[in-house]
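Structure first, then comments.
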Amino acid sequence: MSSLVRTTALAALLPLLATPLARAGAQSQSGTPAPAAAATPAPAPPPSVVAGIPVNYDEAKVGTYTLPDPLVTSSGARVKDAATWTRVRRPEIYKLIESTQFGRAPGKPDHVDVDRFDTGTSALGGKAIRRQTTLYFTADRKGPKAEVLSYVPADAKGPVPLLLEISFSPNSNVVDDPGIRPGEMWGRDKKRVPAPANGAFGRVDPLPFLAKGIGFATVYYGDIEPDFRGGIPFGIRGQYLKPGQTQFAADEWGAIAAWAWGLRRVMDYLETEPAIDAKRVALLGASRLGKTVLWTGATDPRFAVILASVSGEGGAAISRRNYGETIKHITDSTRYDYQFAHNYQTYGDRVDQLPFDGHMLISLIAPRPLLLQTGDQDYWSDPKGEYVAAVAASPVWKLFGTDGFATDHYPAAGEPVLSTLGYTMHAGRHGILAADWPVYLEFLERHLLSTATPGR
């Protein structure tokens, strides 16, 4: 299988990122491996202190903890069937995570202005039909929006399933196609700047997906909501502030919930696109966008499959494990507290009192297929913690008659587990690497191309 990611350097884009990757302990972005001809540098040692808070990487110091049982209701009753899960326990968990971690977000707006400015153009050497559509969320077209770039196989005879990626880069930097309208991104000065003409950060080759009959689409997260402190006035959240209000209540939406809100609007659009089978849309995101796709999948069951890359703390990893990044690190006022509801920060020093954990977040995806992707050198994101979460959440999938997480051991790097609740770990760092894309494709072939996708 040909490589799905072009090997290009990140240097051209790094000066424009709102949050420098070089910051110790920062959430890395999904990107590309170094060129094959370059020497592979030794991995830098993980930071021992982040935001003035010590970091543990020793399994012997993880500590003891007890995970809340996803199959025991708030009244103490055990959940024994899928109907009780759906009617009672799932709504309990959903409300806990919504009000505590990601925050309540508004519903579907009364109107979204849809501009289909590229309604179908031959692309990628004649192997694809490209479409480009802008979803304007406000009357002011300079405001928050979603630029949707999509490809379907040129020889498709009807609607096709789709992989939708929420990306760190504008569309013109994701796919090598001169027909893509150049985009803009956020600079360090909190102003929008043109995407670099030669940028290729997180580039994807859609052709292997198209060859299997799966479309590919991408949307830039920064068009929905900027990823920096003080970004509320510039993104979709700013449109919902009341007169005189500058911040939201402690249980209201942070940036991750805003990106998830935007993805739900993209799904609204996909349901109107005849070339796409909107009942078979998979969603992919990495790092903070891995958290985003998990929360999007939890909030919107229309997404048939979720691929969560290196979601780490606040995503699939277990917060009660004192390993790598913790709630206290991620919600520190110098780091990423703006991505979450303010309530989440209050658990930094009392994680044992958190009424849920990462296994309960991922359980909200059940019984739909979910793949957790990690890296064996991504100590900061705790790949073992994501494995522990999968083990703990597996009984929820099994309530629905699926195979759940079908393994009896901690898989090594390069040993993907592609059951309905899946787990794969590459050899290497944080992010999506070239070796991950064939695994994604195999997972989608098993679970998205099937006519009997669980939960659909």
Bounding extents of region 354-416 in its principal axis frame from Cα atoms, largest first in Å, are 34, 30, 17
Cut-off is 10 Å between beta-carbons; in what order do T100, T218 appear when sorted fewest neighbours first? T100, T218
Report the Rg/Rh value for region 327-456, based on alpha-carbon coordinates and the Kirkwood definition of Rh. 1.00
Size of charge dipole - the chain - debye, nearest 20, with Cβ of Lys, Arg +1 and Asp, Glu -1, no other charges: 660
Dipole axis of the chain (+1 Lys, Arg; -1 Asp, Glu on Cβ), positive-most option in N56, S172, L370: S172
For region 78-213, the spread of Cα positions along each principal axis, largest first, Å: 56, 44, 30
Report the net charge of residues surrounding K398, where surrounding means a beta-carbon distance below 12 angstrom and charges are Lys +1, Arg +1, Asp -1, Glu -1. -1
If packing is taken as the average count of other Cβ atoms within 10 Å, what order do 378-388, 170-180 fall into, highest mean first? 378-388, 170-180
So what's the back-of-envelope 222 nm ellipticity for the chain, counting only DSSP H runs of four-plus at -39500 (n - 2.57) apiece and dividing by all residues, rounded to 500? -5500 deg cm²/dmol
If you find the alpha carbon centre of region 127-166 and of region 377-456, how far apart are they in angstrom? 27
Overall form of the chain per C-alpha gyration tensor (a/c, 1.5; a/b vs b/c): rounded
Say the cut-off is 32 Å between C-alpha atoms; which of K95/K157; K127/K279; K142/K291; K108/K142; K95/K191; K142/K384 go over it? K95/K157; K95/K191; K142/K384
Starting from the Cα of K328, draw a straight line to each of the aspartates and glutamates and keep only those under 12 Å, dropping any in the same chain fewer than 8 residues away. E313, D337, D349
Local net charge near D118, Cβ-Cβ under 15 Å (Lys/Arg +1, Asp/Glu -1): 0
Only bridges whose two residues both fall in the chain count here: according to DSSP, what percent of them are antiparallel, nearest 5? 50
Could you check what % of the DSSP bridge pairs in region 141-229 are antiparallel, to the nearest 5? 50
What is the fewest-to-most order of F356, F340 by other Cβ atoms lying within 10 Å of their Cβ? F356, F340
Spatially proximal aspartates and glutamates relative to K212 (Cα-Cα < 15 Å; intrachain offsets below 8 disregarded): D155, D277, E442, E445
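Coordinate-derived values only; no laboratory data. Everything quoted here is computed from the prediction, not taken from an experiment. Cβ coordinates were reconstructed from backbone atoms using ideal geometry, including for glycine residues, and neighbour counts include every protein chain displayed.
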